[in-house]
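J.: Quick one: this structure, given as structure tokens, is what I'll be asking you about.
The values are calculated or read from the model by the stated rules, or taken from the named source; none is laboratory data. None of the values given here were measured: they were computed from a predicted structure. Note that each Cβ is placed from the backbone with ideal geometry, even for glycine, and that neighbours are counted across all protein chains shown. Heavy atoms of the whole protein, side chains included, go into the accessibility calculation; ligands, DNA and RNA do not. Shrake-Rupley method; radii C 1.70, N 1.55, O 1.52, S 1.80 Å.
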Amino acid sequence: MAGIRFEFDPTCLPEVMRSEQVRAALRTTADEIVPRAKALARAEISDEFADSITVSEEIRPRGRPTAKVLADREDAAAHEYGTSSTERRRVLGRAAHTRET
């Protein structure tokens, strides 16, 4: 193994990023975040808010795939970041940064 040399070719990166394996890994990570976000939302906000949490997949304009955990409600940003009348909850942010070991 000492004689093996690997050189990364950056021109293949767009193809790698579009691969099914990369997209599946992104989706798996997002799918792991959703139950934590829903549990936090049920405990701190409401069942209806928790039910609005889903995963959205897209390809960015330069070809980078993404898988996002979103709360699809009009008041989602207010609960995430807070306003003068809504307490900051950071449900999605906390769920994304909590890893089960």
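J.: Being of a type in the set (D, E, K, R) and not in a helix (DSSP H, G or I) is the requirement here; does E87 meet it? Write out each step before concluding.
T.: Values: of a type in the set (D, E, K, R): yes; not in a helix (DSSP H, G or I): yes.
So E87 passes the test.
J.: Taking into account only those residues within the range 90-101 that are modelled with pLDDT of 85 or more and in a loop (DSSP other than H, G, I, E, B), which is farthest from I53 (Cα to Cα)?
T.: Step one: of the range 90-101, the residues modelled with pLDDT of 85 or more are 90-97.
Going one step further and asking which of them are in a loop (DSSP other than H, G, I, E, B), we end up with 90, 97.
Working: R90: 13, H97: 16 Å.
For the range 90-101, the residue satisfying everything is H97.
J.: Next question. What are the residue pairs meeting all of these: first residue in the range 12-25, first residue touching a residue at least 40 places away in the same chain (Cβ under 8 Å), second residue open to solvent by 60 Å² or more (accessible area, probe 1.4 Å), Cβ atoms under 7 Å, and 6 or more apart or on different chains?
T.: Short answer, once both residue conditions are applied: M17/R64; V22/V16.
J.: Are any residues in the range 76-94 open to solvent by 40 Å² or more (accessible area, probe 1.4 Å) and touching a residue at least 12 places away in the same chain (Cβ under 8 Å), and if so, which ones? Lay out the reasoning, then the answer.
T.: At the first step, the residues of the range 76-94 found to be open to solvent by 40 Å² or more (accessible area, probe 1.4 Å) are 77, 81, 83-85, 87-90, 94.
Matches in the range 76-94: R89, R94.
J.: Which count do you get for residues in the range 64-75 that are in contact (Cβ under 8 Å) with a residue 40 or more places away in the chain and in contact with a strand residue (DSSP E or B) (Cβ under 8 Å, 6 or more places away or on another chain)?
T.: Filtering the range 64-75 down to residues in contact (Cβ under 8 Å) with a residue 40 or more places away in the chain leaves 64-67.
Cutting the leftovers down to in contact with a strand residue (DSSP E or B) (Cβ under 8 Å, 6 or more places away or on another chain) gives us 65-67.
Matching residues across the range 64-75 total 3.
J.: From the residues in the range 49-75 that are among the basic types (K, R) and closer than 28 Å to Q21 by Cβ, which one is least open to solvent (accessible area, probe 1.4 Å)? Give the steps one after another, and end with the answer.
T.: Of the range 49-75, the ones among the basic types (K, R) are 60, 62, 64, 68, 73.
Narrowing further to those that are closer than 28 Å to Q21 by Cβ: 60, 62, 64, 68.
Values: R60: 96, R62: 234, R64: 126, K68: 77 Å².
Looking at the filtered set, the residue picked out is K68.
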